[in-house]
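Data block below; observations after.
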Amino acid sequence: MAQVVVVTDSTADIPRSVREKLGIEIVPLVVHFGDEAYLDNVELSPEAFYRKLRMSAVLPKTSQPSPAQYFELYERLVGEGKTVVSIHLSSAMSGTCQSARIAQSMLEGKGDVTVIDSRSASYGYGMGVVAAAERAAQGASKEEVIAAFERVRREMRLYFLVDTLEYLHKGGRIGRAAALFGTLLHIKPILTIDDDGYVAPLEKARGTKRAVSRIAELLEPEFGGRPVELAMVDTPGQTEMADRLKELLLERLDVRRFFQSEIGPVIGTHAGPGTVGVFVIGAPEAGGR
């Protein structure tokens, strides 16, 4: 059986240490500050990005990898006798997955490459990528690796809060939350990513404190009383809201596995500083992965 290698892109917001431990290959997107271009999470760390963002007079832009970048990686892995499972940022938000599919077609059947549209973003699919890579590291088959990702995607509850909708609006990623843009200053929308891979509004809360409490209230009926895995992402230097939410969730849920990561430059370009994301699934002993 050929070894399965999991490929993803930099928007999964998986820390380098985790990627290296599990052998996850990434193809980075690019962040542009005017004429300056940086490989996401390779040439520009989250800390450096948010410092640069605060000083920049214009909003940075992002671009997807080319099919040639994926083809080069796939060709190398296939040449080494590997089976590839390639999982990427929602196609509703980016052409990244399409670039991967074009590269897959360029192989003309010379190797086993499966491309999956995660229909999510950040650790909303990074958590599933890690689950898939953990199974691959155990010597699982391609079908078992894909099933591990699909279980996480199926079970996950994903909520996030943004400091302002301005970044999602300007970056064109506001999706189905567009109707909320321009609402009252003290209204804090609770957002999610729907089954089609678009940003979507879930509820509106009056103020940050209420929004944080409401997320816990939404999760407790489904996950309260059974073991869960909890992951969170936030932006460097603006962790107050994330700290409050983490404390509340650890109090209310039976968290058996907790993971925290930072929102990288590409996702940060479109979500903005002060964004917090929460991702919950059932732990293995509760029927999770």
Handout entry: Which numbered condition Leu219 fails, given (1) open to solvent by 10 Å² or more (accessible area, probe 1.4 Å); (2) farther than 21 Å from Arg19 by Cβ
Key = (1)
Exercise for the section: Those residues that are more than 20 Å from Glu25 (Cα to Cα) and not in a helix (DSSP H, G or I), I need them from the range 46-72; list them, please. Expected result: Ser56, Ala57, Val58, Leu59, Pro60, Lys61, Thr62
Handout entry: So Ala148, is it at pLDDT 95 or above, buried (at least 20 other Cβ atoms within 10 Å of the Cβ) and not in a loop (DSSP other than H, G, I, E, B)
Key = yes
Exercise for the section: Among the candidates Thr96, Thr83, Thr62, single out the residue that is open to solvent by less than 50 Å² (accessible area, probe 1.4 Å), among the polar types (S, T, N, Q) and under 21 Å from Pro273 (Cβ atoms). Expected result: Thr62
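Does the range 103-123 contain any residue that is open to solvent by 30 Å² or more (accessible area, probe 1.4 Å), over 20 Å from Glu20 (Cβ atoms), modelled with pLDDT of 95 or more and assigned to a strand (DSSP E or B)?
Yes, the range 103-123 has at least one match.
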Completion exercise
Considering the range 230-244, residues that are in contact with an Asp or Glu (Cβ under 9 Å, 6 or more places away or on another chain) and buried (at least 22 other Cβ atoms within 10 Å of the Cβ), and then whichever is farthest from Glu220 (Cα to Cα), we arrive at Thr235
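The values are calculated or read from the model by the stated rules, or taken from the named source; none is laboratory data. Please read these numbers as outputs of a predicted model, since none were measured by experiment. Backbone-built Cβ (ideal geometry, glycine too); neighbour counts: all protein chains shown. Just so you know, the surface numbers come from the protein's heavy atoms only, side chains and all, with ligands and any DNA or RNA stripped out. Shrake-Rupley method; radii C 1.70, N 1.55, O 1.52, S 1.80 Å.
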